[in-house]
Every structure is written in structure tokens, then in C-alpha cells.
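Encoded as C-alpha cells, the structure appears first; notes follow it.
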Amino acid sequence: MKRALLTGVTGQDGSYLAEFLLGKPDYEVHGLVRRSSTLNRQRIDHLSRENPERLHLHYADLADASCLSSLLEEIQPDEVYNLGAQSHVRVSFDQPLYTADVVGLGTLRLLEAVRVLNRRRPVRFYQASSSEMFGSAPAPQGPDTPFHPRSPYAVAKVYAHWQTINYREAYGLYACSGILFNHESPRRGESFVTRKVTLGAARIKEGLQKRLVMGNLEAKRDWGFAGDYVRAMWLMLQQDKPDDYIVATGETYSIHELLEKAFTLVDLDYRDFVDFDERYVRPSEVDVLQGDATKAREVLGWKPEVDFDGLVRMMVEHDLELARREKHARAFPGG
Ligand code: NAP
Ligand code: G4F
């Protein structure tokens with residue numbers, strides 16, 4: 001059995017990656033979870049039920065170096081995937097120090113624990129880097145594009161990215177940084193723009209919500225499906241040599257186009273329902289992201305299977321089902 005340790009297992013990507021690894025007969029998955037006053041394991045509950053022998057959860061936090069090193073000693077993983085983060089860009093402007101601590105120093109804490117274990121047994125490390133690191137660099141962004149981060153989150157990710165590369169160069173660690181462009185799914189958090197739009201369109205259609213309040217609709221993103229992107233993470237750790245890769249679809253769409261597509265799927269015109277609120281505008285914005293994933297395609301043999309249309313359709317259909325259940329529960333509160 002191979003042992004994989006995942007930070008951020010309760011998040012969108014953590015849940016897809018755990019599912020992907022558990023789909024292979026030879027993986028045991030150890031997920032790190034944070035203590036919370038109510039349980040937030042909805043994304044992985046089905047995995048715990050289906051794989052009680054091969055999915056193990058441990059309390060830990062990227063802010064706590066001692067628990068990271070003692071868990072690594074206890075679990076002795078073959079692969080470590082660092083997916084944990086305060087991952088919301090807008091929120092990082094409200095909590096810059098916390099974001100820097102968890103995203104930046106948290107990665108360094110984990111790398112240190114991996115470095116120590118790697119002296120005795122080989123450990124492979126994956127860092128969840130982000131296209132946000134390119135920030136204001138002109139699109140399309142590729143391996144030679146310089147970083148110009150535009151948020152506390154993005155600056156912290158640049159720090160973690162370079163720490164990962166330095167641990168590879170200084171200590172010979174098998175460490176990879178995956179620079180992933182935006183990836184979404186029905187499991188995406190409700191405050192990210194794709195999910196906010198698909199859930200909003202579905203709830204408006206079902207009469208559960210009247211308006212959708214949004215920020216900058218001009219920004220453009222390269223959106224892929226999270227299920228495709230976790231496959232690239234795993235592939236990075238299966239090569240002969242560690243390296244860094246960009247993972248993207250190569251296509252870019254504006255928030256206007258996202259709204260148009262999602263509302264058309266429920267036979268509505270988004271212009272009739274969307275309001276603007278300054279609250280959702282960032283102090284500095286990333287205008288256009290569009291990635292060049294040629295290297296991932298050529299070296300890893302990776303390519304996305306779900307396109308923008310398929311992604312929005314998948315999310316709208318999921319959220320329509322949710323909205324219908326909510327409507328039903330309101331109409332028949334007893335069951
Ligand atoms: P997500 O849904 O927001 O999940 C983040 C995960 O990190 C959650 O499991 C969360 O736990 C955990 N976490 C937060 N603070 C932590 C802490 N202090 N210690 C340990 N764990 C902590 O994010 P995602 O979309 O799955 O993204 C996964 C990773 O990829 C993140 O590092 C993100 O920055 C990066 N990334 C994402 C994208 C994207 O488009 N999705 C693109 C590029 C890079 P709780 O459930 O307890 O909150
Ligand atoms: O969905 P978003 O919040 O994602 P953002 O900022 O691109 O960050 C996501 O992708 C990164 C990879 O590039 C990850 F590293 C990061 O962890 C996260 O997963 O916003 C997308 C765009 C922005 O330009 C934002 O200004 O949508 C615009 N937007 C317009 N109205 C909105 C809204 N974003 C949000 N969240 N909510 C709005 O109402």
C-alpha cells in the first residue's frame with residue numbers, strides 16, 4: 001500500500017484527490033482536518049463511509065508545526081499533497097497576516113517536516129500553487145511568464161512556490177509545484193464566483209432567491225473541472241524527476257459570459273437579476289488569466305476532459321437539484 005497524506009482534505013480539491021486515490025486499489029489516504037465547532041466533512045462523508053479501512057482523518061493545522069512533524073513521523077507517507085489554505089482571494093485582503101501564515105509559512109512548516117522524514121525514507125511533495133501568482137502579467141501565462149501577484153493570498157503563494165523549489169534544489173527533495181488555473185465543480189465553495197452564479201441561477205429559477213449581487217463582471221478566468229485537475233497533481237508525483245507544471249484549459253471567459261451561460265441554461269436573462277455591490281470588488285484585481293499547459297500535456301500526458309460548457313452545465317444541474325430539494329423541504333417541513 002502507498003500512503004498519501006493530504007492537507008485540505010475537506011476542501012474541494014482534497015475531496016476529489018482523496019476520491020481519485022481511493023479509486024486506486026493500492027492507496028491509503030490520510031487527511032488532515034481542522035477542529036471546528038460543527039462538522040464540515042460533507043465533501044468527504046461518502047468516502048469515509050465507502051472506505052473505512054483506507055481513509056484516515058487526523059486533527060492538525062498548518063499553523064501548528066509540531067503536529068505536522070509528529071503526524072508525518074506517525075504516518076510515514078510516501079506522498080504529501082499540500083492543498084490546505086485560506087484560499088479566498090477577497091478574504092485575504094481582510095485577513096492578510098492569517099493568510100500569509102497559513103498559505104506561506106504553513107507550507108514551509110510542512111516542507112520542514114517532509115525534509116526531516118525524507119532523510120530516512122523517500123517522500124514526494126506536491127504544492128498547490130496558483131495562477132493568481134501571475135496576477136497582472138499579460139495573458140496567456142506560461143512557464144516563462146514572470147509573477148506579479150495582486151493580493152495577500154497571491155504573494156503568500158509565491159513565497160510557498162519558491163520555498164518548494166528551494167527545498168528541491170537545496171535538499172534534493174522530490175518536490176513539485178503545480179500552478180493550477182481556476183478549477184471548479186459542484187463541490188466548489190459557495191462564495192467563489194462560479195458556484196455563486198450557478199447556485200444563484202438555480203435558486204432564482206426555483207423562486208428561492210430574487211437577486212444576485214456581484215462584483216467586477218469584466219474579469220476573465222481560465223476555468224476547468226477540479227476532477228480533471230487532481231489527476232494532474234498525482235501525475236506530477238509519478239515522474240522520474242520532480243518539476244513544476246502549469247495546469248489550465250487554455251480558454252478564458254468573462255464573468256458576463258459565465259452569467260450568460262448559467263442563466264440561459266435555466267431559461268432566464270441574467271441582466272434582469274444581477275446587481276452590483278462594491279463589497280465584492282478587490283482593492284487590486286487580476287484582469288485576465290489564460291494558461292499555457294503545453295508542458296503538462298507533453299510530459300504528463302494530461303489534458304482536461306470537461307470544457308467550459310460542460311462544467312457550467314454540470315454545476316447548474318447539480319444546483320437545480322439542490323434548489324428543488326430546498327423548495328420541497330420548505331413546502332413539506334415534516335419530510
Ligand atoms: P478550499 O475548497 O477552500 O479548501 C481549502 C482546504 O484547506 C479546506 O480543507 C480547509 O479546511 C483547509 N484549511 C484552511 N485553513 C487551514 C489551516 N490553517 N490548516 C489546515 N488546513 C486548512 O480550496 P480548494 O479550491 O480545494 O483549493 C485547494 C488548494 O489549491 C488551496 O491551496 C488553494 O489555494 C489552491 N488552488 C486552488 C485553485 C482553485 O481554483 N480551486 C487554483 C489554484 C490553487 P476547512 O474545511 O476546515 O476550512
Ligand atoms: O471565484 P473567485 O473568487 O476566484 P479567484 O479570485 O480567481 O481565485 C480562485 O482561483 C485561484 C486560481 O486562479 C485560486 F488560487 C484561489 O484559491 C481561488 O480558488 O473570483 C473570480 C473572479 C474575480 O476576478 C472576482 O473579482 O470573479 C470576480 N467576481 C465578480 N463578482 C467575483 C464576484 N468573485 C467572487 N468570489 N464573488 C463575486 O460576487
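Descriptive notes on the structure:
- In plain terms, the chain from residue 281 to residue 120 could stretch by 53.1 nm, reckoned as 0.36 nm per residue minus the Cα-Cα distance.
- Label point of residue 254 set 7 angstrom out along Cα-Cβ; within the stretch 188-215, amide nitrogens under 20 Å from it belong to 193-198, 201, 212-215.
- Remark: the residue 171-residue 264 segment gains 28.2 nm on full extension, using 0.36 nm per residue and subtracting the alpha carbon distance.
- Spatially, the stretch 242-296 and the stretch 128-147 are offset by 16 Å when compared through their Cα centroids.
- Whether the stretch 248-335 is rounded, prolate or oblate, judged on the alpha carbon gyration tensor where a/c under 1.5 counts as rounded: oblate
- Most mobile listed residue (114, 213, 33) in the chain, GNM with C-alpha springs under 10 Å: 213
- Summed side-chain charge close to residue 264 - residues other than residue 264 whose Cβ falls under 14 Å, Lys, Arg +1, Asp, Glu -1: -3
- For the pair residue 136 and residue 190 in one chain, pulling the backbone fully straight at 0.36 nm per residue adds 16.9 nm over the alpha carbon distance.
- Here the Gaussian network model covers the chain, with springs between Cα atoms less than 10 Å apart; of 75, 165, 246, 75 fluctuates the most.
- Antiparallel content of DSSP bridges confined to the chain, in %, to 5: 5
- Per-pair calculated FRET efficiency, R0 = 41 Å: residue 64 and residue 328 via Cβ, rounded to 0.05: 0.45
- Residue with peak Gaussian network fluctuation, the chain [Cα springs, cutoff 10 Å], from 287, 45, 243: 45
Since every read-out is calculated from the coordinates, none of them should be taken as a lab result. Just so it is clear, the model here is predicted, and its values are computed rather than measured. Reconstructed Cβ throughout: ideal geometry from the backbone, glycine too, with neighbour counts over all protein chains shown.
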